[in-house]
Structure formats: C-alpha cells, structure tokens
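One structure is given below, encoded as structure tokens.
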Amino acid sequence: MFANGQTVIQLIEQLAPKHIAMENDKIGLQLGTLQKVISKALVALDVTDEVVDEAIALGAELIIAHHAIIYRPLAKLDTSTPAGKLYEKLIKNDIAVYIAHTNLDVADGGINDWMADMLGLPAEGRSSLEDVHTDKLYKLVVFVPKSHHEQVLQALWNAGAGDIGGYSQCSFNIEGIGTFLPGNSAQPFIGEQGKLERVQEIRIETIVPSSVHRKVVQAMLKAHPYEEVAYDLYPVDLKGRVFGLGRVGKLPASMKLRELAEKAKEAFEVPALRVVGDLDRDVRKVAVLGGSGSRYVSRAIFAGADVLVTGDIDYHTAHDAAMAGLSIIDPGHNIEKLMKPRVADWLRRELQQRKYATEAISSQVETEPFHFL
C-alpha cells in the first residue's frame, strides 16, 4: 500500500516541524496537492528543470526540496518565463512541491547537526549559534482510576509528555477520591446511572511541550477508560526546549586551520573552498551554519568560535571577520546537498516501519550553479 501525500508530509514534519522555522520563511506545500497517492517522493536541494525531468523519469508525484521555488506572491503566472515554464511542467505532470527550509536547518538531527557531525564536532556540548524558537510548556493534569494509572501514564510519556531539560518521564502522582453522578444518557465505565459514585483515583501532573500537546491529549483520551475525561491544560512559565540556527562546538583536539579546511573539503565533497585567516593557526572551537552565513559572523565571534564554516561570505564581511580574529571556511551554499540522502534515508525508514510501499529517492542531479576552473 502506498502512502498518501499528507501522510508523507506528516512524517517529514516529525523530522522538521514547521513551527520551528524562522519567521516568514517560505516552507510547506508550494505547488500541487497532497491529496493523492504517492508512489515515489524525490528529495532534492533545489527544484530546477533537470530535477523536474528526473522526477518525471522516475514517476515521482512529490518533490521534497530544501530551497523554495516561490519566494514572493505571484502577480501572474506567465508560462513564457523560465519560472512559469517550470511551474507549468510540474502542474502538467501532477508533481507537488513541498519545502522544508529553516525548519530542517534548525531541527535536532537536521542540516546543521549533520554538518557538525561531518566535521567531527561531538554532539555533547554543542549549542546553537542563534536561538530562533522556544517551545512553550503546558502542565497537563488528569484524573485517572487507579486501575488504569500506569496505562495512561505510559501513553502520556510515549506521546512526548514529561520532558524537563535532560530528564524524561517527569510526573507527579497523588491519590484521592473522585466523585461523579452518571446521568440518564451516560454510559459510565464505573458506577450506575443516577447513583453517586466515589472512586479511588490518581491525579497525574506532567509537562507537555506546545509542539506535541494535541498528540499528547489524544493519546491520553485514547488510553483513558472514562467516557468523559476530567483534565486541565494550562501554560507555565518554565522555559521549554530551545531550537536554534547553526551549531557551535569544540573539536576533540586543536588542529591547524589548513587541516580543518581540507577536512571540510573532503567531507562536503567540494572541488575547492575559500579560507579566511592564517592557515597555520590552531583552531578548536568551531561554528557551522548551512547556507548563507555572512549575517552570522558577529554571532560566531560572540560565541567565541575560532572559525566559522558557512557559505556565501562576501568580500567586506571576510575583512571584518579577519580583523576580529575569526577565521572562515566557505565551502559554498551548495554543500546543503548533504540533506538529500539523509532526508531520503530517514523518510524511507519511517515509511517502511509503517509498511508503506512508497519510495523515498535522493536526487542525483547536481544543482551547483558555479564551475570551478
């Protein structure tokens, strides 16, 4: 059985939730419909004519890309323009386009973490270069008959409740007496219509992040035996999980800037890269940022990084960084292509786990616009 488009995207949004994207980022469904069966989903960095041709040849009904094809509202759709021809080709071949951009950058286990992994930065001790989203926290309180206490508690935890900092499965539980009087239309799990009932119940309190609060409530209601469940959900001041752009971490040991540049060149599979700074300088604290990083040089300096690995550094920003003592390795914007096999592999595993026959395929088209001579 093939998955439909909505199911495929629900899985992608587990990896890269939309709510953690930067404000006004162009993400989500940009063209076509998800209300159809998907036999093949193609994962690409950019949506170019060549990528669309690849999707057509494969028989893919969906392209999941990192870079948007529509950046601003369209005043008209002129199919004589290059962009218009691209949209026309997609529409005529019934290929939908879905974009995961800064939400995939920011996500735990997303592009910036993949970059850090490839450069050898240990996961422990990593921090974000810039915080962009903090999950609001809610406290969930629910009253459960003693016989179903563990069942409901496990359902809450499995759905994502109970995480506080580095701790999981956090809850507070206290016994008491619950009372209720079933009416004539009620079908009580415990008790009888028209008779006041007193039940040994346990009050469960736990923390729920806003990103999963609907999922947690649904799981709780499904696991709870009562026809009408008594529960409260209210916001708390406790700071939730922070999602950020870029990563900063320390190499296991210092190395020369020249060595790190060579390592980046090999890891990101680029024929050349640009380096700012003394090649024989020792570096250890490294900041990484996929895409264009000129605006984040000051952030890297503030974080105490020795070197920033990012793309699209302009001439004057390079001078400013050098004067401030920050080295830069610029392997180009296109290194974000590393997302193609990783997103495809992740999606393939999730689909197979759910017994779907839908294929997730990594695009083989090279979309680097520059030639290196």
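The values are calculated or read from the model by the stated rules, or taken from the named source; none is laboratory data. Note that the coordinates shown come from a computational prediction; the quantities given were computed from them, not determined experimentally. Here the Cβ is made from the backbone with ideal geometry for all residues, glycine too, and neighbour counts use every protein chain on show.
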Quick check, is residue 237 more than 20 Å from residue 143 (Cα to Cα) and among the acidic types (Asp, Glu)? yes
When every residue in the range 63-86 that is in contact with a strand residue (DSSP E or B) (Cβ under 8 Å, 6 or more places away or on another chain) and in a loop (DSSP other than H, G, I, E, B) is compared, the one surrounded by the most Cβ atoms within 10 Å (Cβ to Cβ) is 66
Pair list, Cβ under 8 Å, 6 or more apart: the range 325-340 residue at positive phi, other residue acidic (Asp, Glu): 332/312; 332/368
Are there any pairs with C-beta distances below 7 angstrom linking a residue in the range 19-40 that is over 19 Å from residue 91 (Cβ atoms) and touching a residue at least 40 places away in the same chain (Cβ under 8 Å) to a residue that is in a loop (DSSP other than H, G, I, E, B) and not aliphatic (A, V, I, L, M), with the two at least 6 apart or on different chains, and if so which? 21/101; 25/101; 27/101
Residues satisfying the stated conditions in the range 1-59, i.e. touching a Phe, Trp or Tyr at 6+ places or on another chain (Cβ under 9 Å), surrounded by fewer than 17 Cβ atoms within 10 Å (Cβ to Cβ) and closer than 22 Å to residue 368 by Cα: 26
Any hit, the range 314-330, residues being within 22 Å of the chain's Cα centre (by Cα), modelled with pLDDT of 95 or more and under 28 Å from residue 47 (Cα atoms): no
Identify, please: which residue in the range 341-373 is among the polar types (S, T, N, Q) and touching a residue at least 24 places away in the same chain (Cβ under 8 Å) and is, among those, farthest from residue 296 (Cα to Cα)? 358
Could you list all residues from the range 90-134 that are on the phi > 0 side of the Ramachandran plot and either touching a Phe, Trp or Tyr at 6+ places or on another chain (Cβ under 9 Å) or surrounded by 21 or more Cβ atoms within 10 Å (Cβ to Cβ) (or both)? 109
Could you list all residues from the range 353-363 that are surrounded by 13 or more Cβ atoms within 10 Å (Cβ to Cβ) and either closer than 12 Å to residue 51 by Cβ or not aromatic (Phe, Trp, Tyr) (or both)? 358, 359, 360, 361, 362, 363
Sort out for me the strands (runs of 3 or more DSSP E) sitting completely within the range 92-202 that have 3 or more residues that are free of Cβ contacts under 8 Å to residues at least 40 places away in the same chain. 171-180
Report, by residue number, each residue of the range 289-330 that is among the hydrophobic types (A, V, I, L, M, F, W, C), surrounded by 13 or more Cβ atoms within 10 Å (Cβ to Cβ) and farther than 14 Å from residue 247 by Cα. 313, 318, 321, 322, 326, 328, 329
Extreme residue, farthest from the chain's Cα centre (by Cα), among residues of the range 334-373 that are among the aromatic types (Phe, Trp, Tyr) and either modelled with pLDDT under 95 or within 30 Å of residue 309 (Cα to Cα) (or both): 372
